[in-house]
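The values are calculated or read from the model by the stated rules, or taken from the named source; none is laboratory data. Quantities reported herein were computed from a predicted structural model and do not represent experimental measurements. Note that we place each Cβ from the backbone using ideal geometry, even for glycine, and neighbour counts take in every protein chain shown.
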């Protein structure tokens, strides 16, 4: 695996691509970590919608843990760049949404375990 410093404050291994655009997009998103919580944004439950039906314009609805997040713009750009690395991805449209509001219930079991919530 190659490593890249683009998606977090530290080098993160790039995923092994499968050739399935949705799975590869998710794998890419999982390389992006929230700077305040040591969990990737996918497992935090910040991705509300991922539509890969048109590789020319993948659409992602993403929220934040708090509306006033100081790195909101950078976090969205990191997710976009991570998805564009997936083979077959041509363009990404990021939509920042706050409805419904994020809550810890959105997190995967793996994220809850990582944070000692299980």
Find the residue count for the stretch 74-110, including only residues that are more than 15 Å from residue 48 (Cα to Cα) and over 13 Å from the mean Cα position of the chain (by Cα).
-> 7
Scan the helices (runs of 4 or more DSSP H) fully inside the stretch 16-118 and keep the ones with 2 or more residues being surrounded by 13 or more Cβ atoms within 10 Å (Cβ to Cβ), in contact with a helix residue (DSSP H, G or I) (Cβ under 8 Å, 6 or more places away or on another chain) and touching a residue at least 24 places away in the same chain (Cβ under 8 Å).
-> 21-29, 72-84
Examine the stretch 58-66 for a residue that is at pLDDT below 95 and in contact with a strand residue (DSSP E or B) (Cβ under 9 Å, 6 or more places away or on another chain), and state whether such a residue exists.
-> yes
